[in-house]
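The values are calculated or read from the model by the stated rules, or taken from the named source; none is laboratory data. Predicted model, so just to flag it, every value in this text is computed and none were measured. Note: ideal-geometry Cβ built from the backbone for every residue, glycine included; neighbour counts use all protein chains shown. What goes into the accessible areas is simple: the full protein's heavy atoms, side chains included, and nothing from ligands, DNA or RNA. Shrake-Rupley method; radii C 1.70, N 1.55, O 1.52, S 1.80 Å.
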Amino acid sequence: MLFKIIFIFGGVVFMANARCNLTAQPLELIDCLSHMSTMILGFAKNDIQRVCRSTSLIAKCAESQLAECIGNKIGEAAFQEIVSLAENCCPERNNPNCPIRDTVIEEQRCFAADSLVTLANGNQKSIANLRSGDSLLAYDDKTKKVLSTNLITMLDFQPQRFALFKQVTTHTGRQLSLTSAHLIPTDKHGYVMAKNIHTGMNVYVMNDDGILITETVSNVSDVVKQGYVAPLTVEGTLIVNNVATSCYATIDSHYIAHTVLAPMRWWYSLFGKSNESTDVKTIGALRIGLYGDKHENENYVLKELKFYRSFFKNESILARNLPVTLSLTNVINETLSIDGGESIFGGIFIPTSTTDYNSLFFTEDQFVRSTLTLTTLNIVTSETPYYVKNLQEPIAKSSEIVFQNLLFTTVCLELFGLIFLLFKLLLKPMHYYIQSKSSTYLETNINNKQHNTCSTYQDKISGNNDADINETAYF
């Protein structure tokens, strides 16, 4: 099958370079090449309907554009192969004579979907989130240097399917997961399929300075992962997980595969995008709001509802079908009256979303490949079978306040009476006792002082009389 594809495009290239009297309208020739590009894309993506449509258009184009020239016969043989392909594969691809039946195509896979690529600005991006036109870092197998290239399209994109990969690990710990038939450039053996890579080989890796160096493979193992993608760049190479690799697989020659897909690069160079890419205007986020008026009367108040919820996811866009579920929970507040009257009720609805984010978003590639043409937003609102009740009671009712006031007054009166009794029975008698003792003590002190004064005076008089007697005797 691969040989036939190469033969077909070899015929086209030969016609383009031979001295053929092709159409005088160059745009018509470009249109023929676009059908070639579409057919190759159909081969890569296992899209039999695209292949069948392209074969029919190519056959018509060949009749009107080929003239008698050196390359005419070769070109006719190439287009005869296209006719044979259409007869054996359209509309039933699983015909035993069809070279693109499921058993042949299902092995044509590429990189693991969890791989990272390096953009031209130095940032890294998930390989599953790449978009046509993204500027990536690639490997130049002539200069062995890093260069910038653009992504043309995804030859295959299956983020949910599982596949068996070869995981190549270098001595510094760099890892690259790719299918066994995928090509990797080496320093001595050129491009080698992953299944033929073994320990001791040197592969090209990009260091932290953005320079390609060689590192030795330390281990090659088989791993099963979910998701695989096959990006195609203008250069035919790219840097994945900082390891240089080819965009091609299955064909054991990077250069032949690069030549086979030349029409896609021509188309991209002429129109700036692949035949599959379309200028799709996507929606990246969704905001939902709910509003409800306020209702109020004597005994209840329903508060105004203002609810807004945004749905967004980095590097993702909204899916075609958007199921959004909102549940409204009623929160009721009951305030009891202080005088025992009717309660006052207040309420508000609290919306909550139970929507699964993963069902709302996917990558732009998934969006482009979707068969739906409309974005459908389905909002389901419902009220929960339960409610939340909050009870607010006053600290004390009127009767309790009156009772507490009377109790406080009674306690105050009792305390006053107790103080009065203590004064009458204890403090006043004690005062009288102390006063009487003090009076007795004062009277005793006064009498003692008077007695002492009289005795002293009598002693002085007695002394004077004795002196007079002595003086008389002397004379």
Every residue from the stretch 358-373 that is out of contact with any Lys or Arg (no Cβ under 7 Å at 6 or more places or on another chain) and modelled with pLDDT of 75 or more: Asn358, Ser359, Leu360, Phe362
Count of the stretch 381-398 residues which are under 16 Å from Ile344 (Cα atoms), open to solvent by less than 100 Å² (accessible area, probe 1.4 Å), at pLDDT below 80 and of a type outside the set (S, T, N, Q): 2
Can you list residue pairs whose Cβ atoms sit under 7 Å apart, with the first residue in the stretch 162-184 being without any contact (Cβ under 8 Å) to a residue 40 or more places away in the chain and the second being open to solvent by 20 Å² or more (accessible area, probe 1.4 Å)? Count only pairs 6 or more apart in sequence or on different chains. Ser180/Lys166; Ser180/Lys195
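Based on what the data block shows, is Asp252 in the same structural domain as Leu183 (by the TED database), exposed (fewer than 15 other Cβ atoms within 10 Å of the Cβ) and of a type in the set (D, E, K, R)? If you could, list the steps in order and put the result at the bottom.
Values: in the same structural domain as Leu183 (by the TED database): yes; exposed (fewer than 15 other Cβ atoms within 10 Å of the Cβ): no; of a type in the set (D, E, K, R): yes.
Against the criterion (in the same structural domain as Leu183 (by the TED database), exposed (fewer than 15 other Cβ atoms within 10 Å of the Cβ) and of a type in the set (D, E, K, R)), Asp252 does not qualify.
Kindly provide the set of residues from the stretch 407-449 that are among the charged types (D, E, K, R) and open to solvent by 100 Å² or more (accessible area, probe 1.4 Å), ordered by number.
Residues satisfying the conditions are Glu414, Lys437, Glu443, Lys449.
From the list Ala163, Ala128, which one is closer than 23 Å to Val223 by Cβ, in the same structural domain as Val240 (by the TED database) and assigned to a helix (DSSP H, G or I)?
Values: Ala163 fails: assigned to a helix (DSSP H, G or I).
Only one candidate qualifies: Ala128.
Step by step: first the residues of the stretch 131-154, then only those that are among the basic types (Lys, Arg) and part of a loop (DSSP other than H, G, I, E, B), then the one that is surrounded by the fewest Cβ atoms within 10 Å (Cβ to Cβ). Which residue is that? Talk me through it step by step, then tell me what you get.
Kept after step one, since they are among the basic types (Lys, Arg), are these residues of the stretch 131-154: 131, 142, 144-145.
Checking which are part of a loop (DSSP other than H, G, I, E, B) leaves us with 131, 142, 144.
Values: Arg131: 16, Lys142: 5, Lys144: 15.
My answer is Lys142.
Among the listed residues Tyr191, Tyr204, identify the single one that is modelled with pLDDT of 90 or more, open to solvent by 30 Å² or more (accessible area, probe 1.4 Å) and part of a strand (DSSP E or B).
Values: Tyr204 fails: open to solvent by 30 Å² or more (accessible area, probe 1.4 Å).
That would be Tyr191, the only listed residue that is modelled with pLDDT of 90 or more, open to solvent by 30 Å² or more (accessible area, probe 1.4 Å) and part of a strand (DSSP E or B).
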Is it true that some residue in the stretch 216-234 is touching a Cys at 6+ places or on another chain (Cβ under 7 Å) and polar (S, T, N, Q)? yes
Which pairs turn up if I take residues in the stretch 335-361 that are among the aromatic types (Phe, Trp, Tyr) and look for partners that are in a loop (DSSP other than H, G, I, E, B) with beta carbon separation below 6 Å, at least 6 apart in sequence or on another chain? Phe361/Lys313; Phe361/Ser316
Matching residues in the stretch 155-171 - criterion: being open to solvent by less than 50 Å² (accessible area, probe 1.4 Å) and under 26 Å from Thr186 (Cβ atoms): Leu155, Asp156, Ala163, Phe165, Lys166, Gln167, Val168, Thr169, Thr170
Among the residues of the stretch 310-352, write down those that are among the hydrophobic types (A, V, I, L, M, F, W, C), open to solvent by 40 Å² or more (accessible area, probe 1.4 Å) and either under 27 Å from Thr376 (Cα atoms) or at pLDDT below 80 (or both). Phe312, Ile338, Phe349, Ile350
